[in-house]
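Working notes for the structure below.
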Amino acid sequence: MQERAPEERIRGFMEVACGYTPDEAIRESERCLFCPDQPCVRGCPVGIDIPGFIQLIGEKDFRGAFDVLSDTTLLPAVCGRVCPQETQCEEVCTIGDTLEPVAIGRLERWVGDMAIAEGWATSQDIEPNGLKVAIVGSGPAGTACAADMAKAGCAVTVFEAFQQPGGVLRYGIPDFRLPNEVVDAEIAKLARLGITFRCNALVGRLFTIEQLFGEMGFDAVFIGTGAGTPTFTDIPGESLNGVVSANELLTRSNLMRARDFPGHDTPLGIGKRVAVIGAGNTAMDAMRSCLRLGAETVMCVYRRSRVEAPARAEELHHAEQEGIDFRWLTEPVAILDDGKGGVRALKVRRMELGEPDASGRRRPVPVPGSETEIECDTVVFAIGTNANAILGQTSRIELDPRGYIKADADLATSIDGVFAGGDIVTGAATVIEAMGAGRKAAASMKRYLGLTAGDAPYDSEPLDATLFGFASHQRGFARVVAA
Amino acid sequence: MSVDDATYEIVRREDFSDVTYLLEVRVPLLALAAQPGQFVIVMSHAEGERIPLTIADFDREAGTITLVVQAVGKTTKEMQRDLVAGSHLYAVVGPMGEPSHLDAKKVVCVGGGLGVAPVYPQARAFKEAGAYVIGVIGFRNKDLVFWEDKFRAVCDEFIICSDDGSVGIKGLVTKGIEQAVAEHTDIDRVIAIGPPIMMKACADLTRPLEIQTIVSLNPIMIDGTGMCGGCRVKVGGTTKFACVDGPEFDGHQVDFDDLMSRLRRFRGDEQIALERWQRSCAASSATAAD
């Protein structure tokens, strides 16, 4: 697959990976061995029939390939771009033992893009069942749950606090990895299933979870609000102007289009020399955005080494290609001010790797007397996120000690009829894991509502002993959609 | 309770001066949920910025909230020009932030300049909760005064101050607070809303008197839901997010100098945006005159 050259792509937000041509896609599909034990399917968090869709690409039945994908994933154009395939399906690909694994993600993306271009949708006859489902949050978890419930015949409303739907796909992931047009197309597909998107609705404050059931007449609720609260480290100088969270930087650039300032009204607020703290996917997105937004030097400051960096291999590789200055084994100690409320430098110290810690990674230990200063005018924190506080503040839902929503194996929460999944339950994870959680919650929600029609793989699992349990006796478990 | 009520229509517009204007916006669900002390974020158009505005009043029956805006930058000047009755905002989201605690018995509600508007629903709510309410509001001069009658209707005592003495006491709102505390020894709370420098002065005045003083902070923010961290403020030595931990904090604990420095973060960009907009206005009016 072709990629734009680094020197070309850092001048704008055009997508780095150009996508396959039809010939390239067919040729790549022919590399699949169609091995009988299908390790890739087990490696996929949602269990996509990977050999199935690849085989149809080889047979030039592209619409058929899309239909196979659509059995399990809603957003192939998104997941083909942002899934960490190298630790999922592609990691266990049989051919990958000796050669490059089949480029499953790129093939998935190619089919997804073709579906958007051709206007394909999984049209099916949906029979309304009279049940109302509310989804809180329009990110990957919420939209996955919404689609499954809509297909089951429920009237689904998705509530989103921002002015446009998509959640992290919209505000977080930059266009050079996931163009907003792809998000628009995938959301439009969901709207065609009859899903209502209500933006500017801050659930918890505009109305509570409890009100959704009573006054507003919903029968079940899914919470997929994500883990959006940025973490800072408490080092001195954090409140200086020029110190921002990666969330703020990315939201300004992606959702608010600050990169078009003053054509769009939101200012961006980054300088010429940017130090980004952290080495995960969000850090890579922040750094590569800054490069495209006019920064002359962008540094990555990370206290561990390259091996421990949590970013996807491809993102790290792209960042290196584009000229990010990586400072491995470097820990920030303080942010120094310029005497005018802004940033002059980041004070750091060298680290070396010691014994493995609880995460299994070697623990970084400071080298005595190694403090130096890195000159910069902008410091971006990309060191992870925490649970958002609003639903905990405004409802009686049970939280775990870190503030995440407590959910059992079926993703049921402490409130009857309320399910939760994605980052708000597990802490920060990937788009595909959140989608998997949304689909799993949908399967549980269907059982809770007494719906038995049309289900994806998750339904094959028996109902386990649960933390909160289903109150099925309250909900008429026999309510089955008439064929 | 319908969720499809969101047209964000401006049902009434009132101009208090050539820079201060009132917008009454139809948002029925939001009007039902709004509590004193909370704020909303509005966008005037799709390319606009999200700006936080404290809720100055709400009418649950009419399904409206009231916002009072000062035209200082590009966005607020453009809103002043474009938002007439019958027009629509692009987005209104909220109510945001923790509501005020209305548990004091004798309270001084202090509003300075634009802060006069958001302190009003608190004065009214305290009155409804049975408290003795002393209103202290301050303006630069007589011409800028608004809502005097509304305050008089909900305050047991009312003190108005002006910088130039053209109305009420000559001096800042701190003079009004001094007068109130001289006459009442049992004041158990001061609520002060206005520019940071005013809130700082109020907090400095009441600190030695040991009167609990609540201030409402309006730092730069984007989402208002705890997601960007742009609104972080220092309170009692720890970092708080004004949007979800506030917007109200103990004024004796707030680091106002930090807040004021952070409010200057985009001064350069704000100037660029304003000058560019004014040039485009001048160009279009010149074209219209041709």
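The values are calculated or read from the model by the stated rules, or taken from the named source; none is laboratory data. These figures come from a predicted structure and were not determined experimentally. Cβ coordinates were reconstructed from backbone atoms using ideal geometry, including for glycine residues, and neighbour counts include every protein chain displayed.
Among the residues of segment A:304-322, just one is at pLDDT below 90, small (Gly, Ala, Ser) and within 17 Å of A:LEU291 (Cβ to Cβ), namely A:ALA311. Residue check: A:ALA191 meets all listed conditions (1) touching an Asp or Glu at 6+ places or on another chain (Cβ under 9 Å); (2) without any contact (Cβ under 8 Å) to a residue 40 or more places away in the chain but one, namely (1).
Only helices (runs of 4 or more DSSP H) whose full extent lies in segment A:1-52 are considered here, and the ones with at least 1 residues that are among the β-branched types (Val, Ile, Thr), at pLDDT 80 or above and more than 18 Å from A:GLU90 (Cβ to Cβ) are A:22-29. Per the listing A:GLY167, A:GLY105, the residue uniquely within 17 Å of the chain's Cα centre (by Cα), closer than 30 Å to A:GLN211 by Cβ and buried (at least 21 other Cβ atoms within 10 Å of the Cβ) is A:GLY167. Please count how many residues of segment B:2-42 are at the interface with chain A (Cβ under 10 Å from one of its Cβ atoms), surrounded by 20 or more Cβ atoms within 10 Å (Cβ to Cβ) and touching a Lys or Arg at 6+ places or on another chain (Cβ under 6 Å). Number satisfying all stated conditions: 1.
Out of the residues in segment A:227-239 that are among the small types (Gly, Ala, Ser) and more than 9 Å from chain B (Cβ to nearest Cβ), which is nearest to A:ASN388 (Cα to Cα)?
If we filter segment A:227-239 for residues that are among the small types (Gly, Ala, Ser), which is where we start, we get A:227-228, A:237, A:239.
Retained after the next criterion (residues that are more than 9 Å from chain B (Cβ to nearest Cβ)): A:227, A:237.
Numbers: A:ALA227: 6, A:GLY237: 24 Å.
So, considering only residues that are among the small types (Gly, Ala, Ser) and more than 9 Å from chain B (Cβ to nearest Cβ), the one nearest to A:ASN388 (Cα to Cα) is A:ALA227.
From the set of residues in segment B:75-88 that are assigned to a loop (DSSP other than H, G, I, E, B) and of a type outside the set (Val, Ile, Thr), which is surrounded by the fewest Cβ atoms within 10 Å (Cβ to Cβ)?
Going through segment B:75-88, the residues assigned to a loop (DSSP other than H, G, I, E, B) turn out to be B:83-87.
Checking which are of a type outside the set (Val, Ile, Thr) leaves us with B:83, B:85-87.
On the way: B:LEU83: 20, B:ALA85: 12, B:GLY86: 10, B:SER87: 14.
Checked segment B:75-88; the qualifying residue surrounded by the fewest Cβ atoms within 10 Å (Cβ to Cβ) is B:GLY86.
Hey, could you check segment B:54-74 for residues that are touching a residue at least 60 places away in the same chain (Cβ under 8 Å) and either assigned to a loop (DSSP other than H, G, I, E, B) or within 14 Å of chain A (Cβ to nearest Cβ) (or both) and say which is farthest from the chain's Cα centre (by Cα)? Of everything passing the filter in segment B:54-74, B:LYS74 is farthest from the chain's Cα centre (by Cα). If you go through segment A:170-192 and pick out every residue that is closer than 30 Å to B:LEU32 by Cβ and buried (at least 18 other Cβ atoms within 10 Å of the Cβ), you end up with 4.
Within segment B:169-185, is even one residue within 14 Å of chain A (Cβ to nearest Cβ), surrounded by fewer than 19 Cβ atoms within 10 Å (Cβ to Cβ) and in a loop (DSSP other than H, G, I, E, B)? Steps first, please.
Within segment B:169-185, the first condition is being within 14 Å of chain A (Cβ to nearest Cβ), and the residues that meet it are none.
No, that holds for no residue.
Restricting attention to segment A:83-142, the residues being of a type in the set (Gly, Ala, Ser) and closer than 17 Å to A:CYS18 by Cα number 5. For segment A:273-287, the count of residues that are within 11 Å of chain B (Cβ to nearest Cβ) and closer than 12 Å to A:GLY172 by Cβ is zero.
Can you confirm whether A:ALA146 is touching a strand residue (DSSP E or B) at 6+ places or on another chain (Cβ under 6 Å), buried (at least 24 other Cβ atoms within 10 Å of the Cβ) and in a helix (DSSP H, G or I)?
Here the answer is yes, as A:ALA146 does meet what is asked.
When restricted to residues that are in a helix (DSSP H, G or I), touching a helix residue (DSSP H, G or I) at 6+ places or on another chain (Cβ under 7 Å) and at pLDDT 85 or above, segment A:440-469 contains 7.
Identify, please: which residue in segment A:243-262 is in a loop (DSSP other than H, G, I, E, B) and surrounded by fewer than 24 Cβ atoms within 10 Å (Cβ to Cβ) and is, among those, nearest to the other protein chains (Cβ to nearest Cβ)? Restricting to residues being in a loop (DSSP other than H, G, I, E, B) and surrounded by fewer than 24 Cβ atoms within 10 Å (Cβ to Cβ), the top hit is A:PRO262. A:PRO36 falls short on exactly one of the conditions (1) surrounded by 12 or more Cβ atoms within 10 Å (Cβ to Cβ); (2) more than 29 Å from A:GLU322 (Cβ to Cβ); (3) of a type outside the set (Ser, Thr, Tyr), and that condition is (1).
Tell me, please, whether a residue that is in a loop (DSSP other than H, G, I, E, B), out of contact with any Ser or Thr (no Cβ under 7 Å at 6 or more places or on another chain) and modelled with pLDDT of 90 or more can be found in segment A:61-83. Yes, there is a match, as at least one residue in segment A:61-83 is in a loop (DSSP other than H, G, I, E, B), out of contact with any Ser or Thr (no Cβ under 7 Å at 6 or more places or on another chain) and modelled with pLDDT of 90 or more.
Residues to consider are A:GLY166, A:GLY204, A:GLY194; find the one that is assigned to a loop (DSSP other than H, G, I, E, B) and within 10 Å of chain B (Cβ to nearest Cβ). Working first, answer last.
Details: A:GLY166 fails: within 10 Å of chain B (Cβ to nearest Cβ); A:GLY194 fails: within 10 Å of chain B (Cβ to nearest Cβ).
Sole residue among the options that is assigned to a loop (DSSP other than H, G, I, E, B) and within 10 Å of chain B (Cβ to nearest Cβ): A:GLY204.
Just checking, which of A:ILE135, A:ILE104 is at pLDDT 90 or above and more than 30 Å from A:THR157 (Cα to Cα)? It would help to see each step written out before you state the result.
Working: A:ILE135 fails: more than 30 Å from A:THR157 (Cα to Cα).
Of the residues listed, the single one that is at pLDDT 90 or above and more than 30 Å from A:THR157 (Cα to Cα) is A:ILE104.
None of A:GLU248, A:GLU210, A:GLU238 is free of Cβ contacts under 8 Å to residues at least 24 places away in the same chain and either out of contact with any strand residue (DSSP E or B) (no Cβ under 8 Å at 6 or more places or on another chain) or not polar (S, T, N, Q) (or both) except A:GLU248. Under the condition of being crowded, with 19+ Cβ neighbours inside 10 Å and not β-branched (Val, Ile, Thr), which residue from segment A:294-309 is nearest to the chain's Cα centre (by Cα)? So, considering only residues that are crowded, with 19+ Cβ neighbours inside 10 Å and not β-branched (Val, Ile, Thr), the one nearest to the chain's Cα centre (by Cα) is A:ALA309.
Scanning for something free of Cβ contacts under 8 Å to residues at least 40 places away in the same chain, assigned to a loop (DSSP other than H, G, I, E, B), in contact with a strand residue (DSSP E or B) (Cβ under 7 Å, 6 or more places away or on another chain) and among the small types (Gly, Ala, Ser), does segment A:377-396 turn up at least one residue?
Restricting attention to segment A:377-396, the residues satisfying the condition of being free of Cβ contacts under 8 Å to residues at least 40 places away in the same chain are A:392.
Applying the additional criterion that residues be assigned to a loop (DSSP other than H, G, I, E, B) yields none.
No - not one qualifying residue is present in segment A:377-396.
Only residues that are within 26 Å of B:LYS234 (Cβ to Cβ) and modelled with pLDDT under 90 were counted in segment A:257-281, giving 7. Restricting segment B:89-98 to residues that are modelled with pLDDT of 90 or more and buried (at least 16 other Cβ atoms within 10 Å of the Cβ), the residue that is farthest from the other protein chains (Cβ to nearest Cβ) is B:LEU89.
When segment A:108-129 is filtered for residues that are surrounded by fewer than 21 Cβ atoms within 10 Å (Cβ to Cβ) and either modelled with pLDDT of 90 or more or out of contact with any Asp or Glu (no Cβ under 9 Å at 6 or more places or on another chain) (or both), the ones remaining, listed by number, are A:ASP113, A:ALA117, A:GLU118, A:GLY119, A:ALA121, A:SER123, A:GLN124, A:ASP125, A:ILE126, A:GLU127, A:PRO128, A:ASN129. Residue selection: B:ILE55 satisfies the criterion of being buried (at least 21 other Cβ atoms within 10 Å of the Cβ), aliphatic (A, V, I, L, M) and under 29 Å from B:ASP269 (Cα atoms).
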